[in-house]
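Participant: There's a structure below that I have some questions on.
The values are calculated or read from the model by the stated rules, or taken from the named source; none is laboratory data. Quick caveat, the model's predicted, so the values are computed rather than measured. With ideal geometry, Cβ positions are generated from the backbone for all residues, glycine too; neighbour counts draw on all protein chains shown. Areas reflect the complete protein model, heavy atoms only, side chains present, ligands, DNA and RNA absent. Shrake-Rupley method; radii C 1.70, N 1.55, O 1.52, S 1.80 Å.
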Amino acid sequence: MAHRTLKSGFHQLSERLNQFPQGAPPSEYLFKILSVLMNEKEARVISALPIKPFSIQTASAALRMSREDTEKILTELASRALLIDIESTDGERTFVLPPPMAGFFEFSLMRIREDLDQTLLSELFYQYLNVEEDFVRDLFVTETKLGRIFVNEQALSTVNNLHILDYERSSEIIKKASAIGIGLCYCRHKMSHLGKACDAPLEICMTFGTTASSLIKYGHAREVSVSECMTLLEEAYDHNLVQIGENEQEGLPFICNCCGCCCEGLLAIKKFGTLNSINTTNFLPEIREDQCNGCGRCVLACPVGALKVVSKQVANNKPIKTVTLDEDICLGCGVCVRVCNRGSIKLKHRNQRVITPINSVHRIVLLSIEKGKLQNLIFDNQAHYSHRAMAAILGAILKMPPVKRIMASEQMKSKYLSALIKNYV
């Protein structure tokens, strides 16, 4: 009689994580990462938890444990940033299982810790994310983007007929946040353990709202005022860092201040030669060749190598140096505008406006349809969001004629999905 081999807790959890729309492809390096972050029992516990926000009572039923024991283990996991702990004004606690990225991978390196080997963890992350390609390709090379770029606001003065919405400004996200937490930059912290980090500021990763509150509560981030956060934003501008947030208009949980040499998303653009990893801004730099002397300052500052110095022949066959732009990989971040000391670069609007999902529900549904994982959000009682909302959205899709169903993911980017989200969530 054949015997079934019991899967380890880490294998169970990896399967669970791969149900996230972002995915986390199984790998020996992933199992090793999980084993550094938690023990076998904890992995089994997390794999049994809902993906959508859940109460202690819901977790107690899923784990078949008493409420007291359940609350104790959930608090322990939240204290290590493996869960997000959200406390309402009336004292009720709700927990959320964050995805690997952007989520508990980053949280593990957002502060200096003695309770785990951060050098070993950094080496494992590097192998899983920077050497192996499956996870990063699955995460970033998608139609529905995980993150979006914020324009460098100091470069906006060069735009004619300026039209920019509040959600496109990192300063507005900061000013409207209910809580602000500052932690170490995961990417540069990881690279520092490998001797590959640049000299950009390290303590400059910004989190907001309930995510910030949970990280602050357990010491993974320090609470700062709007004023201090704005000062850090100016410091990021001074170091030519690019602001990247989650690709949604409302409820943004973080803004990273990224360099082109350490950031996973920016490295993916250079590695795969595609902008599929991150939503750009609605701007592009425009180079005034009559003022450009080809000094190359903008080329060095560009985080994705979208600019290069070229020689052109002019009258009397005299060669001159100037700069050209590869629009296919340009972020529209505006860093090049700020570093040009001749004023030869200005921003202009892109011909086609970039679509940003309304909120995380909107983005997750789009990604789930793209990845064929919508059923994981609806039919599993550990769904990510409201069953009512998901059922309504799926019902609307299934009522479409076959030809229109093929176009569903495109239609989901329109006001159609936005209306569904606002009506049902």
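Participant: Filter segment 199-224 for residues that are open to solvent by 10 Å² or more (accessible area, probe 1.4 Å), within 21 Å of Asp238 (Cα to Cα) and under 17 Å from the mean Cα position of the chain (by Cα) and give the result.
Facilitator: Cys205
Participant: Let me ask something else. Test of understanding: among Leu83, Leu120, Leu139, which residue is in contact with a Leu (Cβ under 7 Å, 6 or more places away or on another chain), of a type in the set (A, V, I, L, M, F, W, C) and within 23 Å of Arg44 (Cα to Cα)? Walk me through how you get there before you give the answer.
Facilitator: Working: Leu120 fails: in contact with a Leu (Cβ under 7 Å, 6 or more places away or on another chain); Leu139 fails: within 23 Å of Arg44 (Cα to Cα).
None of the others qualify; the one that does is Leu83.
Participant: Of the numbered conditions (1) within 24 Å of Met101 (Cα to Cα); (2) in a helix (DSSP H, G or I), Leu156 fails exactly one; give the number of that condition.
Facilitator: Every listed condition holds for Leu156 apart from (1).
Participant: Give the number of residues within segment 122-144 that are at pLDDT below 95 and open to solvent by 20 Å² or more (accessible area, probe 1.4 Å).
Facilitator: Matching residues across segment 122-144 total 11.
Participant: OK, next. Under the condition of being of a type in the set (Lys, Arg) and within 16 Å of Gly147 (Cβ to Cβ), which residue from segment 268-320 is modelled with the highest pLDDT?
Facilitator: Taking the candidates together, the pick is Lys270.
Participant: Hey, another quick one. Leu233: more than 17 Å from the chain's Cα centre (by Cα) and not polar (S, T, N, Q), yes or no?
Facilitator: Details: more than 17 Å from the chain's Cα centre (by Cα): yes; not polar (S, T, N, Q): yes.
Spelling it out, Leu233 is indeed more than 17 Å from the chain's Cα centre (by Cα) and not polar (S, T, N, Q).
Participant: Right, something else. Go through (1) touching a residue at least 60 places away in the same chain (Cβ under 8 Å); (2) part of a helix (DSSP H, G or I) and name the single condition Asp85 misses.
Facilitator: Asp85 satisfies all of (1) touching a residue at least 60 places away in the same chain (Cβ under 8 Å); (2) part of a helix (DSSP H, G or I) except (2).
Participant: Of Ser35, Ser14, which residue is buried (at least 19 other Cβ atoms within 10 Å of the Cβ) and hydroxyl-bearing (Ser, Thr, Tyr)? Before the answer, list the steps.
Facilitator: Details: Ser35 fails: buried (at least 19 other Cβ atoms within 10 Å of the Cβ).
Step by step, each of Ser35, Ser14 is checked, and only Ser14 is buried (at least 19 other Cβ atoms within 10 Å of the Cβ) and hydroxyl-bearing (Ser, Thr, Tyr).
Participant: Just for segment 102-121: of the residues that are part of a loop (DSSP other than H, G, I, E, B) and over 17 Å from Ser35 (Cβ atoms), which one is most open to solvent (accessible area, probe 1.4 Å)?
Facilitator: Looking only at segment 102-121, we keep the residues that are part of a loop (DSSP other than H, G, I, E, B), and these are 108-117.
Pick out the ones that are also over 17 Å from Ser35 (Cβ atoms) and you get 110-112, 114.
Values: Met110: 7, Arg111: 64, Ile112: 115, Glu114: 171 Å².
Across segment 102-121, the extreme among qualifying residues is Glu114.
Participant: Return the residues of segment 168-198 that are surrounded by fewer than 20 Cβ atoms within 10 Å (Cβ to Cβ) and out of contact with any helix residue (DSSP H, G or I) (no Cβ under 9 Å at 6 or more places or on another chain); say none if nothing qualifies.
Facilitator: Gly195
Participant: Continuing with the same structure: Just to be sure I understand, how many residues within segment 88-101 are farther than 18 Å from Met38 by Cα and in a loop (DSSP other than H, G, I, E, B)?
Facilitator: Start the filter on segment 88-101 by keeping residues that are farther than 18 Å from Met38 by Cα, which leaves 88-94.
Now narrow it down to the ones that are in a loop (DSSP other than H, G, I, E, B): 88-92.
Looking only at that region, the number is 5.
Participant: Considering only segment 128-136, I want to know if a residue exists there that is assigned to a loop (DSSP other than H, G, I, E, B) and farther than 14 Å from Leu233 by Cβ.
Facilitator: The first filter runs over segment 128-136 and keeps only residues assigned to a loop (DSSP other than H, G, I, E, B), leaving 132-133.
The next check asks that each one be farther than 14 Å from Leu233 by Cβ; those that pass are 132-133.
Yes; the residues of segment 128-136 include at least one that is assigned to a loop (DSSP other than H, G, I, E, B) and farther than 14 Å from Leu233 by Cβ.
Participant: Within 20 Å of the chain's Cα centre (by Cα) and closer than 19 Å to Thr144 by Cβ: does that describe Gly260? Outline the logic, then answer.
Facilitator: Working: within 20 Å of the chain's Cα centre (by Cα): yes; closer than 19 Å to Thr144 by Cβ: no.
Here the answer is no, as Gly260 does not meet what is asked.
Participant: Is it fair to say Gly273 is over 17 Å from the mean Cα position of the chain (by Cα) and within 22 Å of Thr119 (Cβ to Cβ)? Quick ask: steps written out before the conclusion?
Facilitator: Working: over 17 Å from the mean Cα position of the chain (by Cα): yes; within 22 Å of Thr119 (Cβ to Cβ): no.
No; evaluated as a whole, the condition is false for this residue.
Participant: Okay, moving on. Looking only at segment 309-329, how many residues end up being open to solvent by 40 Å² or more (accessible area, probe 1.4 Å) and within 25 Å of Arg169 (Cβ to Cβ)?
Facilitator: Total meeting the criteria: 2.
Participant: Kindly provide the set of residues from segment 42-101 that are surrounded by fewer than 20 Cβ atoms within 10 Å (Cβ to Cβ) and touching a His at 6+ places or on another chain (Cβ under 8 Å), ordered by number.
Facilitator: Listed by number, the list holds a single entry, Lys52.
Participant: Determine if segment 330-345 includes at least one residue that is open to solvent by less than 10 Å² (accessible area, probe 1.4 Å), β-branched (Val, Ile, Thr), under 30 Å from Met191 (Cα atoms) and at pLDDT 90 or above.
Facilitator: Looking through segment 330-345, at least one residue is open to solvent by less than 10 Å² (accessible area, probe 1.4 Å), β-branched (Val, Ile, Thr), under 30 Å from Met191 (Cα atoms) and at pLDDT 90 or above.
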